[in-house]
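Encoded as structure tokens, the structure appears first; notes follow it.
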Amino acid sequence: MIRAEEVEKRYGQRRALRPVSFALDRGGFLVVTGANGAGKTTLLRLLAGLAAPTRGALAVDASRDRLGYLGHEALVYGELSAVENLELFGRLYRVPERRERIGMLLERLGLWEARRERVSAYSRGMRQRLALCRVLLHDPELLVLDEPFTALDEEGADRLDEELRRLVGASTVVLATHDQDRVAGLSTGHLALVAS
Amino acid sequence: MSGYVGDVVALARKDLLLELRARDTLPAMLLFVVSTLVVFHFALPQGAGDDAAYGLLWVALVFTALLGLARAWVPEREHAALDGLVLATGDRSAIWLAKTVAALAFLGAAEVVALPAFAVLFAPLDAAAVLGVVLASVGICVVGTLASAMAAAGRGREVILPLLVLPLSIPLVVGGVGASVSSEPRTYVAFLCLYDAVFAILSWASFEYVVTE
């Protein structure tokens, strides 16, 4: 599914990611760890196609419309409601029967009651849950999750745990975290990045 | 509506909805263009002639457009929504095209107020002059939206945007003023059409590279 050979990323003179090589089979679950500044976010942005490597070869066997990326930000519009955001992204992803799918995800991630409120009024944890709805909306075959447990309360983290367990084997997952214990039973591989 | 056109419509509608809720771009553009024309009205010496007034109209329109373009990608910077669009949109040029349509709608709305105000304060505008304004507005929004996306990606965006847009707007001002004052406006109108077509193709084709690191 993913094959990276000596992939490196630089921004000008600054090296954001040391050369890294790994392979991940379809249905695998890779946990990426490393200290702050080690390049976890950079690697995940490369995998999502939001950035291009400076050197090395990176092959991801999933089209962009089958990829779900969760970043540090929610990647949604603050002045739209959760439903309006998901309608827009569902439209762009060509999600079939998207009304039903949106309703089901909002219910599952505990946002149904707040679905018509503007996202700017959401707490950080609610925005993270909405971001997860956006990521899962189009039923992606590759999930790239950058610190997904950040800002989630215990209930939110448990719901995410449930979602991840549902996805194991069905989707390929790359997840960056500082909290390895959370995903201890799920991972099939571990990549430890070293700071530049 | 499906496919590429459907994406453009959905994205442009989202921009109009955001402006309807936030109301932070169009009111500023309207206030700026009207107050600029009023200042010019009192600053222009008596007997300066219509040609000078047409020139000032273009100064007002270009800077009004800049004001709108500076805010064009602000909703996308908040919560990094642009990354979400880049990932979700099959053909990323749809993002640029939708933003250009929205920017043109805001500039058009400002011009609906500015042109009658100009006719009242300075001189009447004939059909060729109005056509020149329309075509030049398309050109400014076409290049300005791309330049604004480039500026939004880096630091010092407030400085970079005018540095990118103003030089590219010079041919549009030449064409627009020419269409207003020349006895042969067709040449200028044809020039503006050509400019719009060339820069629309260039911007459409290059947007993909602007939004990828």
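The values are calculated or read from the model by the stated rules, or taken from the named source; none is laboratory data. Note that the coordinates shown come from a computational prediction; the quantities given were computed from them, not determined experimentally. We place every Cβ from the backbone using ideal geometry, glycine too, and count neighbours over all the protein chains shown.
Suppose the filter is of a type outside the set (S, T, N, Q) and over 18 Å from the mean Cα position of the chain (by Cα); does A:Arg115 pass it?
Details: of a type outside the set (S, T, N, Q): yes; over 18 Å from the mean Cα position of the chain (by Cα): yes.
When the stated conditions are applied, A:Arg115 passes them.
So which helices (runs of 4 or more DSSP H) are wholly in the stretch B:1-74 and hold at least 3 residues that are more than 14 Å from chain A (Cβ to nearest Cβ) and more than 18 Å from B:Val165 (Cα to Cα)? Walk me through it before giving the result.
On the way: elements: B:3-22, B:26-43, B:50-70.
The qualifying helices (runs of 4 or more DSSP H) are B:26-43, B:50-70.
Output yes when any residue across the stretch B:152-175 is of a type in the set (Val, Ile, Thr), surrounded by 15 or more Cβ atoms within 10 Å (Cβ to Cβ) and not in a helix (DSSP H, G or I), and no when none is.
Of the stretch B:152-175, the ones of a type in the set (Val, Ile, Thr) are B:159-160, B:165, B:170, B:173-174.
If we keep only those that are surrounded by 15 or more Cβ atoms within 10 Å (Cβ to Cβ) too, we end up with B:160, B:165, B:173-174.
When the remaining residues are screened for being not in a helix (DSSP H, G or I), the result is none.
No - not one qualifying residue is present in the stretch B:152-175.
Any idea which residue in the stretch B:15-25 is farthest from A:Tyr93 (Cα to Cα), counting only those that are in contact (Cβ under 8 Å) with a residue 12 or more places away in the chain and in contact with a Leu (Cβ under 9 Å, 6 or more places away or on another chain)? Restricting to residues being in contact (Cβ under 8 Å) with a residue 12 or more places away in the chain and in contact with a Leu (Cβ under 9 Å, 6 or more places away or on another chain), the top hit is B:Thr25. Please find, within the stretch B:88-104, the residue that is farthest from B:Phe42 (Cα to Cα) out of those that are surrounded by fewer than 22 Cβ atoms within 10 Å (Cβ to Cβ) and at pLDDT below 95. Checking each candidate, the answer is B:Gly90. Residues that are buried (at least 20 other Cβ atoms within 10 Å of the Cβ) and aliphatic (A, V, I, L, M) were ranked within the stretch A:102-126; the one that is farthest from A:Pro148 (Cα to Cα) is A:Ile102. The selection criterion, being buried (at least 23 other Cβ atoms within 10 Å of the Cβ) and more than 7 Å from chain B (Cβ to nearest Cβ), holds for A:Gly39.
Table: residues versus (1) modelled with pLDDT under 90; (2) part of a helix (DSSP H, G or I); (3) buried (at least 16 other Cβ atoms within 10 Å of the Cβ).
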site: A:Phe149; (1), (2), (3): yes, no, yes
site: A:Gly156; (1), (2), (3): yes, yes, yes
site: A:Asp181; (1), (2), (3): yes, yes, no
site: A:Leu191; (1), (2), (3): yes, no, yes
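Residue by residue, here is whether (1) crowded, with 18+ Cβ neighbours inside 10 Å; (2) small (Gly, Ala, Ser) holds:
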site: B:Phe106; (1), (2): yes, no
site: B:Pro116; (1), (2): no, no
site: B:Leu121; (1), (2): no, no
site: B:Gly132; (1), (2): yes, yes
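Of the residues A:Ser21, A:Ser63, A:Ser81, the single one that is under 30 Å from B:Ala98 (Cβ atoms), over 18 Å from the mean Cα position of the chain (by Cα) and free of Cβ contacts under 8 Å to residues at least 60 places away in the same chain is A:Ser81.
Within the stretch A:46-66, being touching a strand residue (DSSP E or B) at 6+ places or on another chain (Cβ under 9 Å), closer than 27 Å to A:Val119 by Cα and either facing another protein chain (nearest Cβ under 7 Å) or small (Gly, Ala, Ser) (or both) holds for A:Ala48, A:Gly49, A:Leu50, A:Ala51.
From the list B:Leu166, B:Leu161, pick out the single residue that is aliphatic (A, V, I, L, M), within 12 Å of the chain's Cα centre (by Cα) and either at pLDDT below 95 or closer than 23 Å to A:Leu50 by Cα (or both).
Details: B:Leu161 fails: within 12 Å of the chain's Cα centre (by Cα).
Result of the check over B:Leu166, B:Leu161: B:Leu166.
Checked against the criterion of being out of contact with any Ser or Thr (no Cβ under 7 Å at 6 or more places or on another chain) and farther than 30 Å from B:Asp7 by Cα, the stretch A:76-95 contains not a single residue that satisfies it.
Restricting the stretch A:114-139 to residues that are closer than 27 Å to B:Gly90 by Cβ and not in a helix (DSSP H, G or I), which is farthest from the other protein chains (Cβ to nearest Cβ)? Give the derivation first.
Of the stretch A:114-139, the ones closer than 27 Å to B:Gly90 by Cβ are A:115, A:119, A:127-139.
Pick out the ones that are also not in a helix (DSSP H, G or I) and you get A:115, A:137-139.
Working: A:Arg115: 17, A:Leu137: 9, A:His138: 8, A:Asp139: 14 Å.
Step by step, filter the stretch A:114-139, then rank; the result is A:Arg115.
If you go through the stretch A:40-58 and keep only what is farther than 16 Å from A:Leu191 by Cβ and assigned to a strand (DSSP E or B), you end up with A:Arg55, A:Ala57. Output the number of residues of the stretch A:10-31 satisfying the condition of being closer than 18 Å to A:Arg165 by Cα and basic (Lys, Arg). Qualifying residue count for the region: 1. Taking the stretch A:60-113 as the range and being outside any loop (DSSP other than H, G, I, E, B), within 21 Å of A:Leu160 (Cβ to Cβ) and of a type outside the set (A, V, I, L, M) as the test, the residues that pass are A:Arg66, A:Gly68, A:Tyr69, A:Asn85, A:Phe89, A:Gly90, A:Arg101, A:Gly103, A:Glu107, A:Arg108.
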